[in-house]
Each structure stands twice: as C-alpha cells, then as structure tokens.
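These notes are about the structure you will find just below.
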Amino acid sequence: MKPLEGLIVLDFSQFLAGPSAALRLADLGAEVIKIERPDGGDLCRRLYISNLELDGDSTLFHSINRNKKSFSANLKDSEDRKKIESLIRKADVMIENFRPGVMEKLGFDYASVQKINPKIIYASVTGYGRLGPWKDKPGQDLLVQSLSGLTWLSGNADQGPVPMGIAIADLYTGAHCVQGILACLVRRGISGKGGRVEVSLMESILDFQFEVITTHLNDGYKPPDRSQVNNAHAYLGAPYGIYKTQEGWMALSMGDIAQLGELLGCLALKNYPDKKTWFTQRDEIKAVLVNHLQTKTAAHWLSILEPADIWCAEVMSWEKLRNHPGFQVLDMIQKVGRSEEISLETTRCPIRIDGEIYKSSLGSPKIGQHNEEIKEKYL
C-alpha cells in the first residue's frame, strides 16, 4: 500500500509547477483528479518541447500529468459548479496556480473552499506571491530565473547572464508545494485542522540559491564572481569545473591543488600550496589544468584520480548514461500510456519507501475522460 492511498487531490493547476506537485502526490498513492475546462483543458496540452506530440497532446503534458484522472467542468456554469463543490466536500487537497484574484472571481478561493470543507489542504502556486508590484507578472520560469539573479551564477565571467537549461523554478516550486501539503496533512492528522499552503516561483528560486545568497549577504554584498575559465560555481575556488581532455570531458570538484598536481604529473600546480591562492588565483590555476588535461584522455585521468579518492567524474551524454550499469540499476524508466498503442517512456517517482519503487503504467488522461467514473463514485 502506498502512503497516500485513500487521499483525494483536486488539481486545478496548469502548465508545470502545480501539476508537478500533484504528480508526486499521485506517485505516492493519492487519487488525483485533474479539473479541466471542457474546451481545450490544461494549456500545457499544447505546450510543446521539440514539437513532440502523442495522441493530440504534447509529450510534456503526458509526462507531467500521468497517473491522474480528468474531470471536465465549466467553473462559470452553475450545474458544473455544484459538481465541483461536491468534489471539494470529499477532497483532502486542492491545488491551484492561477494569478492572484482569479480564484476569488470564480468563487473557489481559500475562504470560500474552507466554508465547504474546513479540513481541506488548499495549496496555491503563484509567480511572485499575492502582494507587491510583481504579483500580476507572468509566472514563467525564464522570467523568474532572470529576475532572481540566478542567471549570474552559470557560464563564464565574459558570457553575460546564462539561464539554466531546464525549468528549475517550476520544478523546485512544485517540490516545495508537496512539502507544504504533506506538512499540513501531518498537522491535520494530529489536530484535525486544515490549512493553506502558499508557494511562489520567486520564493522557491531564491531558496534554491540560499547557499550563495547567504554568502552575498554576509560578505559585504559582493556580487558573484564567476571564473573566466570553466566556471561551475561562482563562489568556489580551483579546480571546480568541467575540463576537455584529449578524448571526452571530465569534472573536477573541490580538491587539494598540490595533491592534484602530484597525481596528474603537473609540476606547475605545485606552485600553489597555499589554499588561499585556490580562490585568489582561481583562473590562473584552471588555465594550467585546461592545458595539461588535454594531453591525455578522460579515461586515463580518471583511472589515476578515482583510486586516490579525488572527487571527479566523466561527463556523460544521455546516450552513454542510459547504457551504464550505474544508471540501469536505479530502474528509473517506466512505460506509461493511454493504451498499448499510445504510450511513452518517462521517469518514475524518485522516492523509495520501505525499499519499494513506485511505478504506474497509467498515462495522462484525455479531457473529461473520467467524468462518468467520478460522478458515479463521488457525486
């Protein structure tokens, strides 16, 4: 039995952050009912990555809405509203990610929903919170990365701002939403009290940077100082970075520069025995490594460094990763679909409980696919 079996989650959210939170709850056993408009449903159905489509919906929608049921309803229609109210009475959790004020206009804001079901856990995902000059700005991942300062941490010093190549703000916010929901569910189990969870992309991406922002706040408000050479962390000294070799690439994490010089046969590195220079002369040291590491293959260097317990790794492509035993033993891939003919491969829930891996072959739903089933069961 999965830990959240028996819980009912109403997912009013769209796109990525809110649906990713509902997805994780579904992975852990909750029955997630996706509330969608009859005319088009979740806008993410038409949000494509590399123009990939399956059965009329984007593969992004399929991947983030697997293992859910769909109930279509027009929230402005009185009969449909009554059905939604009935579902709210039976639900444990409700998730929405509309801009501030939208749910109030629809009559399904926290205060209204709490009157229907005082014990419900109501989770709201916004771009920038409910207050302030940004509250009505589009809560989109790249925009939040840009406003938050995150883009000044990646790339080399001469590159200008560099965004992360993944929707990190959305996904991190979804994880925070799940944490808040689970915390309120624990409290409800103790006191019987429901609660409101509020998360925003901006607050989550700021928390994502807590390590470096804390340094900034306590180091005279100095801006991040990215390396000119193979930057991988704006606040860490040499050798931290990714290096090209004669064949392939390798990553070097923190380490003793003098020891590294001895192991690599690089005499020039022995000129930096003082740990302070690993920061003050970071680019100079990295430049030495750039030249030296290109004389041999990544496999050669790793065969020397790994037995010496130096923190290093090969830089793999997804193709090489897929074929590596280290990846295969994790059993991270599952097949999900609407039928045998309409299916795709995707990742599984990354959480194991009592040693059990949680997978489900149930793919994403069509709009309103489960209306009759849900009516019969709950209405």
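What follows is calculated from the coordinates using simple rules that are stated; it is not laboratory data. Since the model is a prediction, treat every value here as computed from it, not as a measurement. Here Cβ is always computed from backbone atoms with ideal geometry, including for glycine, and neighbour counts include all displayed protein chains.
Below are the figures for this structure:
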item: Qualifying residue in the stretch 285-297 (condition: more than 30 Å from residue 268 (Cα to Cα) and among the β-branched types (Val, Ile, Thr)); result: no
item: Number of positions in the stretch 353-376 that are among the basic types (Lys, Arg) and under 23 Å from residue 334 (Cα atoms); result: 2
item: Tally of residues being in contact with a Leu (Cβ under 7 Å, 6 or more places away or on another chain) and either basic (Lys, Arg) or outside any helix (DSSP H, G or I) (or both) across the stretch 49-64; result: 3
item: Qualifying residue in the stretch 241-259 (condition: buried (at least 17 other Cβ atoms within 10 Å of the Cβ), touching a strand residue (DSSP E or B) at 6+ places or on another chain (Cβ under 7 Å) and assigned to a helix (DSSP H, G or I)); result: no
item: Cross-chain or 6+ apart pairs with Cβ under 8 Å, the stretch 231-251 first and on the phi > 0 side of the Ramachandran plot and in contact (Cβ under 8 Å) with a residue 40 or more places away in the chain, then among the acidic types (Asp, Glu) and not in a loop (DSSP other than H, G, I, E, B); result: 248/314
item: Members of the stretch 357-378 found to be touching a Gly at 6+ places or on another chain (Cβ under 8 Å) and among the hydrophobic types (A, V, I, L, M, F, W, C), listed by number; result: 367
item: Qualifying residue in the stretch 131-144 (condition: under 17 Å from residue 17 (Cα atoms), touching an Asp or Glu at 6+ places or on another chain (Cβ under 9 Å) and not in a loop (DSSP other than H, G, I, E, B)); result: yes
item: Answer from 299, 238, 313 - the residue that is over 30 Å from residue 56 (Cβ atoms) and touching a Phe, Trp or Tyr at 6+ places or on another chain (Cβ under 9 Å); result: 238
item: Residue match in the stretch 79-90 (condition: surrounded by 14 or more Cβ atoms within 10 Å (Cβ to Cβ) and assigned to a loop (DSSP other than H, G, I, E, B)); result: no
item: Yes/no for residue 71 being over 17 Å from residue 120 (Cβ atoms) and buried (at least 21 other Cβ atoms within 10 Å of the Cβ); result: no
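Matching residues to (1) over 25 Å from residue 30 (Cβ atoms); (2) surrounded by fewer than 17 Cβ atoms within 10 Å (Cβ to Cβ); (3) without any contact (Cβ under 8 Å) to a residue 24 or more places away in the chain:
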residue	(1), (2), (3)
111	no, yes, yes
116	no, yes, no
124	no, no, no
128	yes, no, no
135	yes, yes, no
139	no, no, no
145	yes, no, no
148	yes, no, no
